[in-house]
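Colleague: Here it is: the structure, laid out below.
The values are calculated or read from the model by the stated rules, or taken from the named source; none is laboratory data. The model shown is predicted, which means the values in this text are computed figures rather than measured ones. Cβ: placed from backbone, ideal geometry, glycine included. Neighbour counts: every protein chain shown. Just the protein is used for accessible areas: all its heavy atoms, side chains included, with ligands, DNA and RNA removed. Shrake-Rupley method; radii C 1.70, N 1.55, O 1.52, S 1.80 Å.
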Amino acid sequence: MSILNVLILVCVLYVVFLFAVAFAADRAALRGQGSWLRSPYVYTLSLSIYCTAWTFYGAVGFAARSGLEFVTIYIGPTLVMVGWWWTLRKMVRVGRSQRITSIADLISSRYGKSNLLAVFVTVLAVIGATPYIALQLQSVTLSFAAFAETEVAAGTMPDMQSTAVWVAAGLAVFTILFGTRNLDANERHHGVVMAIAVEAVVKLFALLAVGVFVVWGLSGGVAETLARIDASEIARFEVTGSRWVGLTMLSGMAFLCLPRMFQVMVVENEDEDHLRTAAWAFPTYLMLMSLFVVPIAAVGLDLMPNGANPDLFVLTLPLMDGRDGLAILSFLGGFSSATSMVIVAAIALSTMVSNHMVMPIWLYVSGGAAMVSGDVRHVALLARRLSIAGIVFLGYLYFRLSGGGTALAAIGLISFVGVAQFLPPLMGGLFWRGATRSGALTGLGLGFFVWLYCLFLPSFGPSVVLPQAVFENGLWGIGWLRPRAMFGAEGMDPVMHALLWSILLNAGGFVLVSLLSFPKPIERLQGAQFVNVFEHSPTPGGWTGGMAQSEDLLVMSQRILGAREAQNLFEGVAKRQGLAGYLPEPSPDFLQELERVLSGSVGAATAHAMIGQIVGGAAVSVEDLMAVADEAAQIMEYSSQLEAKSQELARTARQLRQANEKLTQISVQKDGFLSQISHELRTPMTSIRAFSEILRDTDDLTLEEQSKYASIIHDESVRLTRLLDDLLDLSVLENGQVVLNTQTGRLSELLDRAVRAAGVQGEIRIERDRASEVVDLTTDLDRLAQVFINLIANARKYCDGRPPILTIRVGQSDGQLVIDFKDNGSGVPPEKQSVIFEKFSRIGETKAGGAGLGLAICREIMARLGGDVSYLPGQKGAAFRVSLPIETRMAAQ
Amino acid sequence: MSPERGPVFLARRTYRRRRLGDAARLLPIVGALLVCIPLLWRNGSEASRTTDVMFYIFGLWIALAVLAGAISRYLRPSETEDGSRDPGDI
């Protein structure tokens, strides 16, 4: 039996063993057993998919070419892992609380569940991972070839291409079998994780075994090995600072951003606490993986013939020494590294492709049509299986096209720089609330383009994709755009050059556009949830929905469950909620129930995602809303305060203006009143003084004269007294201090009394209709009489009719008793009619000087009595109408 | 935007935990600086020996793993949530 056949047999047995492990783990998880599945050590070992065949074979090759520089690839992840408290803890928490299924999901969720962003990340991830998968295929075929070379005599040199096809097909089958067994709520794959953990142990053991063999077997001890290193080509530490620092950073970045790392680190994470173990265990694992790399490289360079591929020293050294068992173990280690990477990468990428590309397109294309139950689940699984096959096939295609000639490490680094482009939007999204979707898209776009142009396309070699002219003269002949010397950065290492420019432009564009653009509400909400994940959502919360979404939910459910089932479900819930019809309120309870029902058909993740798409904002807690609303509220409060203040100011100003106007008016009135009153008072006072002086100073006054002057003084005093009485009366009336003395009496008698009191007999003829005056009144008769007296006296004073006649008419109008006093004079001129009731208003020079207070007093009295006195225009003479409310009088019997 | 701050003085235990958090944050930074130290080494006119750097790097690696293990052992994130505030918090 040739060693090649043994190898194939061992390989098959190993794969069967892996199948068994994965199957057993899945079974145990399904039964709820197997707490060992959730051990932090299993988690740590699953992280070891970072160490792919690139590590297993390539690290030695790397070391053989550039010495100790290879450790940068492992130092970066070590530093990230050691600093888990900074980033990984937050990533894992966000991933768990938001039920993140992939890195594309994380980035798209953070930026408002933007599917465009998810598609972009997915495409970039697929392009970045394809060479890496090719690399794994290449390593397996190369290792096969290494075994085959030992049997050239047998003439069974296998076809490299066919090996790659077999490996690719086998990997695709394994991944499909264990990666898409279920659409689990959290996308966890216990079987796969367990298999990976076993593979991690195998590859570490294999590499350590080869290392021990090389150091103690081939070299003969530690001291001899060190001497061999000192004597080899890589004896000197000749690493440039930029590459040392740059590669460390790059590997750290890639560790965070690689889709497969995200898958095992965040998605498959069972318990956040596992990070505490991984924090020291994973660096230890990496350290052990790297421990023997330099010795193997040095010994290989020393012992192997010139021209031997240093990438295969791990395999060829034992083979050379005839240690076939060790060689097969080593082969298994490499095989494990390659397969675990391809499996996890295919799962991670297929999740992204099916969730963000295939499913949205399928739902869009098939939208509207009512589907039978279970349709979507089949499509989701099929999409994922096809994606896995497609991704593995892409890797194979790349392997075929690139011819498998490139050094392993070079491909790995190209891939690393590609995925490192996720870092600015990822970290920005986790730590900066101001990061926006537009910023993320801009940054990713710029970084992706620079990576494509400066590193990925040139990696195919000159004139393959990019013409030679572009390399020499730059794009469109612009020297600054040469792919290996952007912006004149000449002489840089190509990887460092591409890393520098792509990350600089990526981060710069991301920050700048984020600063300039304004996020949508959902972005701000998600931003708050991501950045403040420790304060807001320690556990996945329930759904919250708005009323408008019930119909959308029904439409979607009909598609998945079938129309009848969905309607029954909705109607039942609506009835339970006490509502008629098919649309229940989307309460958290209902949404959870719906999600459970849907997950029976499509799997929980898809159901969650679908409901999430309709309801929006997965598990938005009140605190989250408040966190976002808080900022807005502060701004709104501030502006409304300003608004209130300005309104208040305007109101105060208006009040002040009114007060000012009133004060001015009052001041004018007061001035007018004072000048009137002083005038009114001075006239009688002047005569009193003058005549009293005459009486005092003139000795020879006749008795007649004395009596005349004394009577003048007396008259003026009486006038003065009357004026003062009137003023007092008016002031009392105006202040409402008057006490009404209500009596009952007949109107005719009241008028008789008024006519008598006015003392107008003989001076003016008064015409009355005594029949109409038979009306009983209940009011303050004295006050009413005062009004009548005033009006009659006015007629006597002002009526210039020849002979003067005053007509008094009593009647009813609009339920009021009206008493009109009309004279036959010239009346009041129209321009004066409005002012005759004002104080001190007099019309022209009067025959008998009144103070002009009479009508003012009348109006005040009538107001007190509940009636009115007004000037009646349009009569022949002056006409005043006194009106009284009808209740105050009683019809005569 | 932090409307409510934690208490000014903390129980000794919580205080310890936060200092452990500080240490956990500091560790990768110190590690990164120490990783760069070999770049400064010169052995006369030639570069330093690979074996020397190798001993240094692997020694550092083990030290980092041990320190990370020691810190992580006592740093329980699930104890209380207030320990996970911004780095600026005391």
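Colleague: Just to be sure I understand, how many residues within region A:270-316 are of a type in the set (S, T, N, Q), within 13 Å of chain B (Cβ to nearest Cβ) and touching a residue at least 12 places away in the same chain (Cβ under 8 Å)?
Modeller: Restricting attention to region A:270-316, the residues satisfying the condition of being of a type in the set (S, T, N, Q) are A:277, A:284, A:290, A:306, A:309, A:316.
Okay, now just the ones that are also within 13 Å of chain B (Cβ to nearest Cβ), so A:277, A:284, A:290.
Now restrict to residues that are touching a residue at least 12 places away in the same chain (Cβ under 8 Å): A:277, A:290.
Selection size over region A:270-316: 2.
Colleague: Is it the case that A:R385 is at pLDDT below 90 and not in a helix (DSSP H, G or I)?
Modeller: no
Colleague: Taking the condition in contact with a helix residue (DSSP H, G or I) (Cβ under 6 Å, 6 or more places away or on another chain), open to solvent by 70 Å² or more (accessible area, probe 1.4 Å) and either part of a helix (DSSP H, G or I) or not β-branched (V, I, T) (or both), does A:E749 pass?
Modeller: Taking the combined requirement at face value, the residue does not satisfy it.
Colleague: Looking at A:I100, is it modelled with pLDDT under 80, among the aliphatic types (A, V, I, L, M) and within 16 Å of A:T351 (Cβ to Cβ)?
Modeller: Details: modelled with pLDDT under 80: yes; among the aliphatic types (A, V, I, L, M): yes; within 16 Å of A:T351 (Cβ to Cβ): yes.
Yes: the conditions hold for A:I100.
Colleague: Now for a separate question. Which ones in region A:429-460 are assigned to a helix (DSSP H, G or I), surrounded by fewer than 24 Cβ atoms within 10 Å (Cβ to Cβ) and within 27 Å of the chain's Cα centre (by Cα)?
Modeller: If the condition is that a residue be assigned to a helix (DSSP H, G or I), surrounded by fewer than 24 Cβ atoms within 10 Å (Cβ to Cβ) and within 27 Å of the chain's Cα centre (by Cα), then A:L430, A:F431, A:S438, A:L441, A:T442, A:L444, A:G445, A:L446 are the ones that fit.
Colleague: Report every pair of residues separated by at least 6 positions or lying on different chains whose Cβ atoms are under 6 Å apart, first residue within region B:45-72 and facing chain A (nearest Cβ under 7 Å) and more than 10 Å from A:P283 (Cβ to Cβ), second among the small types (G, A, S) and part of a helix (DSSP H, G or I).
Modeller: Pairs found: B:T50/A:G67; B:S72/A:A279.
Colleague: I'd like the residue in region A:250-269 that is over 22 Å from A:T72 (Cα atoms) and not in a helix (DSSP H, G or I) and, out of all such residues, is farthest from the other protein chains (Cβ to nearest Cβ).
Modeller: That would be A:E268.
Colleague: If we keep just the residues of region A:216-249 that are of a type in the set (V, I, T) and not in a helix (DSSP H, G or I), which is most open to solvent (accessible area, probe 1.4 Å)?
Modeller: Checking each candidate, the answer is A:T240.
Table: residues versus (1) in contact with an Asp or Glu (Cβ under 8 Å, 6 or more places away or on another chain); (2) open to solvent by 90 Å² or more (accessible area, probe 1.4 Å).
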| residue | (1), (2) |
| --- | --- |
| A:S667 | no, no |
| A:G672 | no, no |
| A:L695 | no, no |
| A:E704 | no, yes |
| A:A710 | no, no |
| A:L723 | yes, no |
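Colleague: Let me ask you something else. Under 19 Å from A:S290 (Cβ atoms) and at pLDDT 90 or above: does that describe B:V35?
Modeller: Details: under 19 Å from A:S290 (Cβ atoms): yes; at pLDDT 90 or above: no.
Spelling it out, it is not the case that B:V35 is under 19 Å from A:S290 (Cβ atoms) and at pLDDT 90 or above.
Colleague: Within region A:570-587, take every residue that is open to solvent by less than 60 Å² (accessible area, probe 1.4 Å) and over 15 Å from A:D552 (Cβ atoms) and give me the one that is modelled with the lowest pLDDT.
Modeller: A:G581
Colleague: The conditions are (1) open to solvent by 60 Å² or more (accessible area, probe 1.4 Å); (2) in a loop (DSSP other than H, G, I, E, B); (3) out of contact with any Asp or Glu (no Cβ under 6 Å at 6 or more places or on another chain), and A:L740 fails exactly one of them. Which is it?
Modeller: All conditions pass for A:L740, except number (3).
Colleague: Suppose the filter is modelled with pLDDT of 75 or more and either within 26 Å of A:F534 (Cα to Cα) or among the basic types (K, R) (or both); does A:R596 pass it? Walk me through how you get there before you give the answer.
Modeller: Values: modelled with pLDDT of 75 or more: no; either within 26 Å of A:F534 (Cα to Cα) or among the basic types (K, R) (or both): yes.
Here the answer is no, as A:R596 does not meet what is asked.
Colleague: Shifting gears a bit: Name the one entry in A:S66, A:S48 that is on the phi < 0 side of the Ramachandran plot and away from chain B (no Cβ under 11 Å).
Modeller: From the options A:S66, A:S48, the qualifying one is A:S48.
Colleague: Let me ask something additional. What about A:A254, is it open to solvent by 20 Å² or more (accessible area, probe 1.4 Å) and either among the small types (G, A, S) or not assigned by TED's automatic domain parsing to the domain that holds A:L135 (or both)? Full working, then the answer.
Modeller: On the way: open to solvent by 20 Å² or more (accessible area, probe 1.4 Å): no; either among the small types (G, A, S) or not assigned by TED's automatic domain parsing to the domain that holds A:L135 (or both): yes.
Considered against the rule, which asks whether it is open to solvent by 20 Å² or more (accessible area, probe 1.4 Å) and either among the small types (G, A, S) or not assigned by TED's automatic domain parsing to the domain that holds A:L135 (or both), A:A254 comes out as no.
Colleague: Please work out which one of (1) more than 24 Å from A:S340 (Cβ to Cβ); (2) modelled with pLDDT under 80; (3) part of a helix (DSSP H, G or I) is the condition A:S463 fails and give its number.
Modeller: (3)
Colleague: Would you tally the residues in region A:40-97 being under 21 Å from B:A32 (Cβ atoms), modelled with pLDDT of 85 or more and either among the polar types (S, T, N, Q) or not assigned by TED's automatic domain parsing to the domain that holds A:R243 (or both)?
Modeller: 3
Colleague: For region A:70-112, which fully contained helices (runs of 4 or more DSSP H) count at least 1 residues that are within 11 Å of chain B (Cβ to nearest Cβ) and open to solvent by 10 Å² or more (accessible area, probe 1.4 Å)?
Modeller: Numbers: elements: A:72-82, A:88-97, A:103-110.
Per the criteria, A:72-82, A:88-97.
Colleague: Going by the conditions given, is A:F313 within 51 Å of the chain's Cα centre (by Cα), modelled with pLDDT under 90 and aromatic (F, W, Y)?
Modeller: no
Colleague: Inside region A:175-215, can you point out the residues that are open to solvent by 20 Å² or more (accessible area, probe 1.4 Å) and at pLDDT below 80?
Modeller: A:L177, A:R181, A:N182, A:D184, A:A185, A:N186, A:R188
Colleague: Name the pairs whose Cβ atoms lie under 9 Å apart, with the first residue in region A:711-737 and of a type in the set (S, T, N, Q), the second not in a helix (DSSP H, G or I), and 6 or more positions between them or separate chains?
Modeller: A:S731/A:Q737
Colleague: Right, another one. Can you give me the number of residues within region B:76-90 that are more than 7 Å from chain A (Cβ to nearest Cβ) and modelled with pLDDT of 50 or more? Lay out the reasoning, then the answer.
Modeller: Going residue by residue through region B:76-90, those that are more than 7 Å from chain A (Cβ to nearest Cβ) are B:76, B:79-80, B:82-83, B:85-90.
Next, only the ones that are modelled with pLDDT of 50 or more stay: B:76.
The qualifying residues number 1.
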